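Taking it in order: structure first as structure tokens, then the write-up.
The values are calculated or read from the model by the stated rules, or taken from the named source; none is laboratory data. Being a predicted model, the structure only gives us computed values, none of them experimental. Cβ coordinates were reconstructed from backbone atoms using ideal geometry, including for glycine residues, and neighbour counts include every protein chain displayed.
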Amino acid sequence: MGQVEGKVAIVTGGASGIGAACAATLAREGAKVVVTDLDDTRGRAVVDDIGKAGGAAAYLHQDVSLEESWPDVIEDTKRRFGRLDVMVANAGIGISCKAVEMSLADWRRQTAVNLDGVFLSVKYAVPAMRAAGGGSIIIMSSVAGLRGSGGLAGYCATKGGVRLFAKAVAMECAAEGDVSGSIRSTPASSIPRFG
């Protein structure tokens, strides 16, 4: 039996890289997985590969920074697979540029995806997980969230923000009696668990 047998997971930014690896691993360990991304071709390919390996997965087009996309993603996940147990808030972008040369539009787009997208994933996943009896939220950060890096000031700001956001949300869930385990934080991710 897999480590997440019978669980249902959403992986944002799941069309490539870390997100695709998370989706494949969750499926291999028994979870049903919903992959969301803007890259429909690669997202569907990840889902096809999961299916060929014997897993269950679905793909949904999503811009994580748009709040209006979230209710549909959560409802579609519950309609397909009955519940939500795991949220992997992985979607993110990195814009390499010196702070004084970065446009405000680029700053805002990076912040919208990397911070707003994480906030929205938590806002909409927690109620669905409470209804299912609990779950886990994995929020991807970066070593860039621990130390500065020239040419990546905006990215560092978002990843540092993600780390503290995860800690604060874990404290909020604990105060409401939702946390029943430890909260682990690594340079790659911050993991609030509850239920």
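If you scan segment 71-97, which residues turn out to be buried (at least 22 other Cβ atoms within 10 Å of the Cβ) and more than 18 Å from F119 (Cα to Cα)?
Selection gives T77 alone.
Kindly indicate whether any position in segment 118-134 is at pLDDT 95 or above and of a type in the set (F, W, Y).
Yes - at least one qualifying residue is present in segment 118-134.
What are the residues in segment 6-44 that are in contact (Cβ under 8 Å) with a residue 40 or more places away in the chain and of a type in the set (S, T, Y), if any?
T12, T36
Looking only at residues in segment 98-124 that are of a type outside the set (F, W, Y), closer than 28 Å to V4 by Cβ and in contact with a Phe, Trp or Tyr (Cβ under 9 Å, 6 or more places away or on another chain), which one is surrounded by the fewest Cβ atoms within 10 Å (Cβ to Cβ)? Can you show your working first?
Just the residues of segment 98-124 that are of a type outside the set (F, W, Y), to begin with: 98-106, 108-118, 120-123.
Filter once more, keeping what is closer than 28 Å to V4 by Cβ: 113-118, 120-123.
Subsequent filtering for residues that are in contact with a Phe, Trp or Tyr (Cβ under 9 Å, 6 or more places away or on another chain) retains 114-115, 118, 120-123.
On the way: N114: 28, L115: 18, V118: 29, L120: 21, S121: 25, V122: 20, K123: 12.
Checked segment 98-124; the qualifying residue surrounded by the fewest Cβ atoms within 10 Å (Cβ to Cβ) is K123.
Looking at segment 13-35 only, could you name the residues that are in contact with a helix residue (DSSP H, G or I) (Cβ under 6 Å, 6 or more places away or on another chain) and buried (at least 21 other Cβ atoms within 10 Å of the Cβ)?
Once the filter is applied, which keeps residues that are in contact with a helix residue (DSSP H, G or I) (Cβ under 6 Å, 6 or more places away or on another chain) and buried (at least 21 other Cβ atoms within 10 Å of the Cβ), segment 13-35 yields G13, G14, A15, A20, A23, A27, K32, V33, V34, V35.
Residue-wise test of (1) within 21 Å of S69 (Cα to Cα); (2) out of contact with any Gly (no Cβ under 6 Å at 6 or more places or on another chain); (3) in contact (Cβ under 8 Å) with a residue 60 or more places away in the chain; (4) not in a helix (DSSP H, G or I).
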| residue | (1), (2), (3), (4) |
| --- | --- |
| R109 | yes, yes, no, no |
| A112 | yes, yes, no, no |
| D116 | yes, yes, no, no |
| F119 | yes, yes, no, no |
| A128 | yes, yes, no, no |
| G148 | no, yes, no, yes |
| A170 | no, yes, no, no |
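Name the residue, out of V47, V73, that is more than 16 Å from the chain's Cα centre (by Cα), touching a residue at least 12 places away in the same chain (Cβ under 8 Å) and in a helix (DSSP H, G or I).
Values: V73 fails: more than 16 Å from the chain's Cα centre (by Cα).
Every option except V47 fails the conditions.
For segment 39-56, name all the residues that are within 17 Å of G17 (Cα to Cα) and hydrophobic (A, V, I, L, M, F, W, C).
The answer is A45, V46, V47, I50.
In a loop (DSSP other than H, G, I, E, B) and more than 15 Å from the chain's Cα centre (by Cα): is that true of G154 in this structure? So that I can check it myself, show each step before the final result.
Details: in a loop (DSSP other than H, G, I, E, B): no; more than 15 Å from the chain's Cα centre (by Cα): yes.
Taking the combined requirement at face value, the residue does not satisfy it.
Name the residues in segment 6-34 that are more than 13 Å from F81 (Cα to Cα) and either assigned to a strand (DSSP E or B) or modelled with pLDDT under 95 (or both), would you?
V11, T12
Count, please, the residues in segment 76-104 that happen to be in a loop (DSSP other than H, G, I, E, B) and under 22 Å from L38 (Cβ atoms).
Residues in segment 76-104 being in a loop (DSSP other than H, G, I, E, B) and under 22 Å from L38 (Cβ atoms): 11 in total.
Inside segment 17-29, can you point out the residues that are in contact with a strand residue (DSSP E or B) (Cβ under 8 Å, 6 or more places away or on another chain) and of a type outside the set (A, V, I, L, M, F, W, C)?
Selection gives G19 alone.
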